[in-house]
Structure formats: structure tokens, C-alpha cells
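Notes follow the structure.
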Amino acid sequence: MSDISRRRFLQTVGVTGGAGALFATMGALGLAPAAAAPAPPFRAPSRADFHLTGRGAQKVVILGGGVAGLATAYELGKAGYDCTVLEARGVAGGRNFTVRGGTTETDLDGHTQRAAFSPGISMNAGPARIAQWMVTLDYCRELGVPIEVFTNQNADALIYNESTGALVKYRTAKADVYGYVSELLAKATDQGALDGELSATDKERLLSFLQSYGAIGGRTAGWEYTGTSRRGYAAYPGAGHDAGTPLAGPGSLADVFASNVGRYFSFEFGYDQAMVMFQPVGGMDRIPYALSRAIGPTRIKLGAVVSSVTDRPAGVEVRYEQAGRTRSLTADYCVAALPPHLLARIPHNLGADITAALGAWSVTPSGKIGLEYRRRWWEEDLRIYGGITETDLDLSHIWYPSTGYHSARGLVVGYYNTGQNALAYGALTPAQRLERALTQGAKIHGDVYRQGVAASWSQAWHRTRHLEGAWTGVPLGTPAYDLLLQPRGRVYFAGDWLTHEVAWQHGAFTSARAVVTALHQRVMTH
Ligand code: FAD
Ligand code: PHE
């Protein structure tokens with residue numbers, strides 16, 4: 001549909017159908033946010049489903065007490081299914097792991113850490129942000145987990161590129177990059193370079209947009225970007241005749257592009273990211289805590305390491321090691337909510353094709369360090385309230401806390417990296433990781449970065465017991481992926497790795513919902 005006929009069509013709908021119809025039609029055309037989702041809405045199983053059918057809720061063993069396993073037990077529990085969750089670690093939640101004072105863990109290399117964080121200080125070692133459309137927020141609402149804003153992008157945070165020497169505030173970088181891009185495009189447009197693409201009216205509209213977007217001069221000023229107050233100030237304006245002291249600059253167009261300060265701008269454009277995101281108050285693990293409470297803690301066996309899965313016509317037998325003893329549990333159904341690379345290692349009789357399919361997922365390493373400071377110098381000295389500083393250093397990102405503003409202490413995430421950088425930090429001892437993180441971070445923040453560190457914790461996900469990775473590369477569209485979307489015998493598979501939203505709890509939750517729906521349908525129809 002051409003623009004003109006599309007507009008006429010919308011006008012017609014608007015006249016005859018009112019605003020609601022207009023909005024829905026715009027949604028159908030992809031012009032307005034539409035609620036249309038391909039998956040049918042989830043309906044939790046309920047006890048009422050069994051009335052009149054003579055059927056009853058059955059026994060289900062769930063392997064893994066991460067978000068997917070817990071959500072499975074929680075949803076099935078609504079209909080009275082007799083669920084048992086076997087979780088290898090000492091705490092439920094899996095990758096949803098919040099470190100507080102007293103948290104202790106030994107990694108696969110034998111490094112033991114005990115967090116010495118102060119009361120009220122915590123670190124989300126895994127998930128830390130939630131986008132507004134994610135089902136994760138629906139679970140927070142349903143479970144009564146309070147949420148607060150997570151500042152994902154902050155105009156007052158910094159960009160530091162060691163390779164070019166650039167150290168600027170985000171707002172300054174944006175003003176300069178948007179300004180010069182606008183200048184170039186305006187010049188090209190006005191000089192006729194786009195005459196084949198644009199009508200005279202389109203050109204004027206584009207030029208008017210670029211003038212406001214980039215804060216550039218008009219035609220008589222040659223469309224030039226010369227810098228404006230958008231860049232920020234060395235001293236901000238105040239009363240009377242105090243007009244403030246503008247920042248020096250901007251540098252030339254060539255200098256700004258050479259500094260590469262725009263290298264990370266596009267991150268927040270991702271539909272799964274945004275400037276404003278959310279986090280549970282008190283730590284991300286409030287979600288598994290609330291799920292565990294709703295399931296009933298006696299249904300969750302901690303320190304229970306699954307060692308074999310045997311599917312039989314009458315039921316599934318699962319063996320597990322707990323407190324030095326081998327135990328066994330038999331259930332009508334099993335939901336394997338373990339990471340694929342770990343599930344592949346567990347002896348089972350599900351078939352060689354299942355083991356082979358599990359090998360199709362690649363594992364991504366990732367690491368984070370949490371630094372508790374005795375003083376919130378980023379707020380007091382730099383006036384950075386939350387958000388992220390982006391850098392080409394091996395730290396990749398420095399996160400300032402989106403909570404506890406103006407309190408005495410705070411926790412900064414000193415690195416959050418993946419790939420080679422995560423492997424490099426992960427290969428060090430926790431003390432060496434801290435030293436490297438401080439040395440690198442001091443390149444951005446100076447001496448203050450080394451001062452007043454009260455405690456730290458570093459998580460190398462690929463070296464973490466019972467997880468051995470941060471998330472996986474998903475072989476979408478392959479036979480391996482399609483195979484594991486189906487149950488094998490009485491065994492179902494769940495986890496963020498079986499979704500289009502890997503590396504997000506939304507994936508774990510939606511996978512759990514899909515398995516719960518399929519399993520319940522089977523129970524209701526067999
Ligand atoms: P897991 O959490 O991996 O659960 C699997 C469970 O199986 C674990 O509890 C494990 O201990 C257990 N297990 C393993 N082997 C055995 C065994 N033999 N016997 C018994 N149990 C076993 N998501 C967001 O929503 N927002 C974010 O900002 C975000 N950031 C992230 C950052 C990092 C660094 C990481 C690592 C993850 C992040 N995620 C984020 C992703 C999120 O954590 C996951 O998508 C989600 O937690 C996965 O849940 P799951 O249940 O599928 O898997
Ligand atoms: N969900 C994780 C995070 O937000 C991992 C991720 C990073 C996923 C970037 C997509 C994009 O940190």
C-alpha cells in the first residue's frame with residue numbers, strides 16, 4: 001500500500017469506525033503497537049479442569065529449580081499436580097542468582113568466595129533488567145514482587161574508548177554524533193544528492209527534521225553543526241547572570257567519528273532493551289523466592305543432583321545424589337529444565353537422537369564483578385545516578401546502582417562481559433579479577449575507583465557449578481530444536497534455550513508455560 005492510499009484508508013476507517021477501530025487497523029498495518037501475539041494466551045491449569053472428567057492431577061518430577069523449573073511447578077501446582085523439583089545447587093533460582101553478605105560458593109576451579117557485602121547491599125550476578133513487555137513482570141505482579149526502575153541508559157553516564165582516548169558523557173556524545181550526521185545528511189539533501197529519492201516537499205520535511213534532531217544551523221548557516229547546550233556544561237547555569245560554562249568543543253566532524261563514541265548507541269534500540277527497564281526491589285532473586293514460597297518449599301529438594309533419567313511405559317524414574325546418598329523418585333511425567341549442555345551428560349534412555357540434539361546448543365561464557373564502595377562517589381562527585389558507562393576496555397560495561405540513591409554505600413558492577421573477555425577474567429582467581437577490574441576501571445574514573453572498596457564478588461558463569469555457562473546459542477529452525485520442543489515419552493524439555501528469548505527470564509517463563517499447557521492437555525485427554 002502506498003503512503004497516500006494508506007493514509008486515505010486510515011481516514012476512512014477513522015470516520016466510520018471511530019478511534020478504537022482506527023487504532024486496531026493501524027496495528028494491523030504495523031503502524032501502532034498491536035497486542036497481537038502469535039502464541040495463544042496462556043491459561044493456567046486449574047483444579048476445576050478435573051471436575052466431571054474423572055481424571056486427577058498427576059505426579060510430576062521437575063529437573064532443575066531455575067526459573068523454568070520453578071514456573072512449571074508453580075503453574076501445575078495451581079491444578080493440584082503433585083510436583084517435586086530437584087535442584088542441584090544450594091539455592092533455587094539457577095542463573096537468577098543474587099549475592100548478599102554471607103553468600104558462599106566454590107566454583108569449578110576450586111575458588112571459594114564468601115561475600116562480605118554490608119546489609120542491604122546485593123549484586124544481581126545473573127539477570128538484572130526486565131523489559132516492560134516481558135512476561136517476567138506479569139509474574140512479579142502475580143507473586144507480589146515489588147519492582148522499581150532499572151536505568152539502562154543514562155545521559156550522564158560515560159563513554160570511554162581506550163583505543164581513541166575518548167572520555168565523554170553520553171549526552172555530549174549523542175549531541176555531537178547526531179549533530180554531525182544531521183549536518184551531512186542536510187547538506188547532501190540540499191545539494192540535490194537525494195533528488196532521485198525525495199520530492200521537493202519530502203526534502204523540506206527531512207531538512208526540518210534534521211534541524212531539530214541534530215540542532216544544526218539552517219540553510220543560511222550552511223546546515224552546520226557547531227554544538228549546543230545539549231552537549232552539557234562544565235558548570236551548569238544558575239541564577240541571575242550565571243549562564244553557566246559550556247563544555248569546550250565540539251571537536252571537528254572527523255574527530256568525532258574518529259573517537260568512535262557512537263559505537264554503542266544502537267544497543268538501546270533493541271526491542272529487548274530500553275532506556276527505562278525494571279528490577280525487583282531487593283534483588284532479582286525475589287522472583288525465585290516468591291515462586292518457591294508459592295510452590296511450597298517442601299516440594300523443592302535442594303542439593304539434589306540428578307544422575308539418571310529412565311522413561312518407562314508406566315512412569316519416569318529419576319535418580320539423584322543428595323547428601324552423599326543416591327535416591328530415586330518415580331513420577332507420571334518429568335520436565336527436564338536443565339541447561340542443554342548439562343542435560344546431555346546425564347545418563348538416560350531417551351535415545352541417542354536426544355543426546356545428539358542437545359549438542360546443537362553452543363554455550364556463551366560471561367562474567368560480572370560486584371564492587372561495594374563505602375561512598376557513592378559516582379553520585380557525589382560525578383552526579384551519575386544509575387545507568388551504564390560503556391567502554392572498549394575488557395570490562396565492557398560499568399553499571400551504577402539503580403537503587404539506594406544517596407545512601408551511604410552502593411554496589412557498582414565493575415565488569416559485565418562475554419566471549420574472550422569473560423574467558424580472560426574467568427581464568428583468574430577472584431583476587432586477581434578484582435585487581436584487574438580496578439586497574440582497568442581506574443582508567444575511566446581515576447584513583448577514586450581504587451579507594452573505599454569494602455567487598456567484592458566475581459561470577460564466572462562458565463565456571464559456575466551446575467550451570468557452566470551464561471546462556472546458549474539456540475539452533476532455531478533446525479531439526480534438533482524442533483525435536484526437543486516435543487516430549488520424548490513422558491519427558492518434556494524446558495528452559496530459555498527452547499525459545500526465541502534465550503538469555504531472558506521471559507524465555508524461561510514462556511517455555512514453562514508451553515510445557516505446562518502441553519502436559520496438562522495430555523493428562524486431560526488420555
Ligand atoms: P537455569 O537458570 O540455568 O536453570 C537450570 C537449573 O538446573 C539450575 O538451577 C541448575 O542448578 C540446575 N541443574 C543443573 N544440573 C542439574 C542436575 N544434574 N540436577 C539438578 N539440577 C541441576 N534474564 C533477564 O530476564 N534479564 C537479564 O537482565 C538477564 N541477564 C542475564 C545476565 C547473565 C550474566 C546471565 C547468566 C543470565 C541473564 N539472564 C537475564 C537470563 C536468565 O538468567 C535466564 O534466561 C533464566 O534464568 C534461565 O532460567 P532456566 O530455568 O531456563 O535455566
Ligand atoms: N539478557 C541479558 C542482558 O540483558 C543478555 C543480553 C544482553 C541479551 C544483550 C540480549 C542483549 O544483560
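The values are calculated or read from the model by the stated rules, or taken from the named source; none is laboratory data. Keep in mind that what you see is a predicted model, and the values were worked out from it rather than measured. Positions of Cβ are backbone-derived with ideal geometry, glycine not excepted, and every protein chain shown enters the neighbour counts.
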Legend entry - Yes/no for Asp195 being touching a residue at least 24 places away in the same chain (Cβ under 8 Å), away from ligand 2 (no atom under 16 Å from the Cβ) and among the acidic types (Asp, Glu): no
Legend entry - Residues satisfying the stated conditions in region 208-223, i.e. closer than 19 Å to Leu253 by Cα and within 39 Å of the chain's Cα centre (by Cα): Leu210, Gln211, Ser212, Tyr213, Gly214, Ala215, Ile216
Inset, instruction - Confirm whether Leu70 is more than 16 Å from ligand 2 (Cβ to nearest atom) and under 28 Å from the mean Cα position of the chain (by Cα). - result: yes
Inset, instruction - Tell me which residues, restricted to region 293-312, are more than 12 Å from Ala323 (Cα to Cα) and either of a type in the set (D, E, K, R) or crowded, with 19+ Cβ neighbours inside 10 Å (or both). - result: Arg293, Ile295, Arg299, Ile300, Val306, Val309, Asp311, Arg312
Legend entry - Selected residue (only one of His462, His506, His520, His466 is modelled with pLDDT of 95 or more, near ligand 1 (Cβ under 10 Å from one of its atoms), in contact with a Pro (Cβ under 6 Å, 6 or more places away or on another chain) and not hydrophobic (A, V, I, L, M, F, W, C)): His462
Inset, instruction - Pick out the one residue from Leu63, Leu29 that is over 22 Å from Ile287 (Cβ atoms) and either modelled with pLDDT under 95 or within 28 Å of the chain's Cα centre (by Cα) (or both). - result: Leu29
Inset, instruction - Identify the single condition in (1) within 16 Å of ligand 2 (Cβ to nearest atom); (2) assigned to a loop (DSSP other than H, G, I, E, B) that Ser118 does not satisfy, given that it satisfies every other one. - result: (1)
Inset, instruction - Run Thr172 past the list (1) surrounded by fewer than 19 Cβ atoms within 10 Å (Cβ to Cβ); (2) on the phi < 0 side of the Ramachandran plot; (3) over 22 Å from the mean Cα position of the chain (by Cα); (4) of a type outside the set (A, V, I, L, M, F, W, C) and report the number of the one that doesn't hold. - result: (1)
Inset, instruction - Would you check if there is a residue in region 225-243 being assigned to a loop (DSSP other than H, G, I, E, B) and within 16 Å of ligand 1 (Cβ to nearest atom)? - result: no
Legend entry - Whichever residue in region 194-242 is among the charged types (D, E, K, R) and touching a Ser or Thr at 6+ places or on another chain (Cβ under 6 Å) and, among such residues, is nearest to Tyr180 (Cα to Cα): Arg231
Inset, instruction - Tell me, please, whether a residue that is more than 16 Å from ligand 2 (Cβ to nearest atom), in contact (Cβ under 8 Å) with a residue 40 or more places away in the chain, among the aromatic types (Phe, Trp, Tyr) and out of contact with any Ser or Thr (no Cβ under 7 Å at 6 or more places or on another chain) can be found in region 500-512. - result: no
Legend entry - Gly93 buried (at least 20 other Cβ atoms within 10 Å of the Cβ), within 16 Å of ligand 2 (Cβ to nearest atom) and at positive phi: yes
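Rundown of residues vs (1) acidic (Asp, Glu); (2) surrounded by fewer than 20 Cβ atoms within 10 Å (Cβ to Cβ); (3) more than 23 Å from Val67 (Cα to Cα), yes/no style:
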residue: Arg114; (1), (2), (3): no, yes, yes
residue: Pro119; (1), (2), (3): no, yes, yes
residue: Glu162; (1), (2), (3): yes, yes, yes
residue: Val168; (1), (2), (3): no, no, yes
residue: Asp190; (1), (2), (3): yes, yes, yes
residue: Lys203; (1), (2), (3): no, yes, yes
residue: Ala215; (1), (2), (3): no, yes, yes
Inset, instruction - Could you list, in sequence order, all residues of region 393-432 that are touching a Lys or Arg at 6+ places or on another chain (Cβ under 7 Å) and within 16 Å of ligand 1 (Cβ to nearest atom)? - result: Val413, Tyr415, Tyr416, Tyr425, Gly426
Inset, instruction - Answer yes if at least one residue in region 478-485 is among the acidic types (Asp, Glu), more than 25 Å from the chain's Cα centre (by Cα) and either under 18 Å from Gly66 (Cβ atoms) or at pLDDT 95 or above (or both), and no otherwise. - result: no
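Conditions tested, residue by residue: (1) more than 30 Å from Ala274 (Cβ to Cβ); (2) among the β-branched types (Val, Ile, Thr); (3) modelled with pLDDT under 95; (4) more than 16 Å from ligand 1 (Cβ to nearest atom).
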residue: His111; (1), (2), (3), (4): yes, no, no, yes
residue: Met123; (1), (2), (3), (4): no, no, no, no
residue: Cys140; (1), (2), (3), (4): no, no, no, no
residue: Thr172; (1), (2), (3), (4): no, yes, no, yes
Inset, instruction - Please specify each residue of region 143-202 satisfying the condition of being of a type in the set (S, T, N, Q) and in a helix (DSSP H, G or I). - result: Thr172, Ser182, Thr189, Thr201
Inset, instruction - Scan region 252-290 residue by residue and report those that are in a loop (DSSP other than H, G, I, E, B) and crowded, with 16+ Cβ neighbours inside 10 Å. - result: Asn260, Val261, Gly262, Arg263, Tyr264, Ala274, Gly282, Gly283, Met284, Asp285
Inset, instruction - With a cut-off of at least 3 residues that are closer than 20 Å to Tyr320 by Cα, more than 16 Å from ligand 1 (Cβ to nearest atom) and in contact with a His (Cβ under 6 Å, 6 or more places away or on another chain), name the strands (runs of 3 or more DSSP E) lying wholly within region 42-109. - result: none
